[in-house]
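Accompanying notes for the structure given below.
Please treat every number below as a calculation from the coordinates, not as lab data. Predicted model, so just to flag it, every value in this text is computed and none were measured. Backbone-built Cβ (ideal geometry, glycine too); neighbour counts: all protein chains shown.
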2 protein chains.
Amino acid sequence: MKQEKVLYQDFLQSKNLKLTKPRLIIMEAVLENHDHFNVDDLYEQIKMKHKDVSRATIYRTIPLLIESGLVKQSLRCESKDIYEHTYGHENHLHFICTNCGKILESSFNEVEKLINQLAKNENFKISEYNLGASGLCKDCKK
Amino acid sequence: MKQEKVLYQDFLQSKNLKLTKPRLIIMEAVLENHDHFNVDDLYEQIKMKHKDVSRATIYRTIPLLIESGLVKQSLRCESKDIYEHTYGHENHLHFICTNCGKILESSFNEVEKLINQLAKNENFKISEYNLGASGLCKDCKK
DNA sequence: ATGCATTTGAGATTCATTCTCAATAAAGTT
DNA sequence: AACTTTATTGAGAATGAATCTCAAATGCAT
Ligand SMILES: [Mn+2]
Ligand SMILES: [Mn+2]
Ligand SMILES: [Zn+2]
Ligand SMILES: [Zn+2]
């Protein structure tokens, strides 16, 4: 919790970026949110808390959160980019139900190893995994 | 080559969809294209051949090609949806270079097995895999 | 050929994301 | 605490991919 905050602040300083109120508000919202979220979700979440930040600023700040390692762009849903906060969350893959939209997560230690091997064969340096599948969840299967 | 054409025609008939000139032109363009392509790529490719089809029709036809199993939505690049034709192409994963944009492909038989197992644990029925990673290709690594 | 339902093309529309720019806030200096 | 400099913000305009609309064209069964 504190850890991530410090990480972000250090990141901003190292880039000579100012520690502004909106940047802190957005970071806190992101850390509080343990789901997959899009920009509008964040915007509403922040408004609920009686804080206020414009959409433009959220759009501008997300790349910073990504570069600092707190957030990852994870999926696309309903033609919107979806994010999730990653610090402290293990790498995982997504099973997306095409019927109800539910997103299941599943950890992928072994898969990771295999993919690393494939990347090595290609002489490719992975910086981010993007693994998933779509189909039907157990409830929608019948 | 013929195989796919027949498959597509059968699909259209089974859905009571008409076998129109634009639908055939688009299908042929897709089959000739062994790369990853977006709608504009297809549009230009078709225009080169002195054929003519509107963008609107391409947008409308791609879902049909996907449903018929000839095409798969594969990636997003420069905020455009990217497709590739799948019939006859083995399942594969994508390594995308964040520096030069190059896309490497790598087959994933073993990975597939592991993911199938994970899906089984979740009682999830996979209909489409979506596997990849971003990072630096061998040329951009230095 | 004729008639009817489907499909097409052109342009309008939508909507997520990015951009612009005047007003504001951060942070360093006196 | 007031002053300076420079980055950042908010509001709304702009962009652009994808979708929609509707009159004209086409496929297809008779
Ligand atoms: Mn997730
Ligand atoms: Mn591919
Ligand atoms: Zn479901
Ligand atoms: Zn590269």
Place a point 7 Å from the Cα of B:Lys21 in the direction of its beta carbon; the residues of the range B:41-55 whose amide N falls under 12 Å from it are B:51-54
Please state the equivalent ellipsoid semi-axes for the range A:50-113: what are the square roots of 5 times the Cα gyration tensor eigenvalues, largest first, in whole Å?
25, 17, 10
From the Cα gyration tensor of the range A:43-85, with a ≥ b ≥ c the square roots of its eigenvalues, which class applies: rounded if a/c is under 1.5, or else prolate if a/b is larger than b/c, or else oblate?
oblate
Take every DSSP beta bridge whose two residues both sit in the protein assembly as shown, then give the antiparallel share in percent to the nearest 5.
80
Could you state the number of Å between the C-alpha centres of the range A:2-45 and the range B:32-48?
41
Suppose the Debye formula is applied to equal point scatterers at every Cα of the range A:2-85; what is log10 I(q)/I(0) at q = 0.12, 0.26 Å⁻¹?
-0.31, -1.45
Can you list the aspartates and glutamates whose alpha carbon sits under 17 Å from that of A:Lys15, skipping same-chain ones fewer than 8 residues off?
A:Glu4, A:Glu67
Can you classify the protein assembly as shown as rounded, prolate or oblate using the Cα gyration tensor, where a ≥ b ≥ c are the square roots of its eigenvalues, rounded means a/c under 1.5, and otherwise it's prolate if a/b beats b/c and oblate if not?
prolate
Average Cα contact separation per residue, chain B, under 8 Å, 6 or more apart, as relative contact order %:
18
Of all DSSP beta bridges in chain B, antiparallel share, percent nearest 5:
75
Between the DSSP loop rule and a limit of at most 14 other Cβ atoms within 10 Å, which trypsin sites (Lys or Arg not before Pro) in the range B:1-79 are left?
B:Lys15, B:Lys18, B:Lys49
Beyond a 29 Å Cα-Cα separation, which of these cross-linked pairs lie in this structure: A:Lys47/B:Lys102; B:Lys18/B:Lys125; B:Lys2/B:Lys72; A:Lys49/A:Lys142; A:Lys49/A:Lys102; A:Lys72/A:Lys113?
A:Lys47/B:Lys102; B:Lys18/B:Lys125; A:Lys49/A:Lys142
Semi-axis lengths, Å, chain A, gyration tensor of Cα atoms, sqrt of 5 times eigenvalues:
29, 22, 12
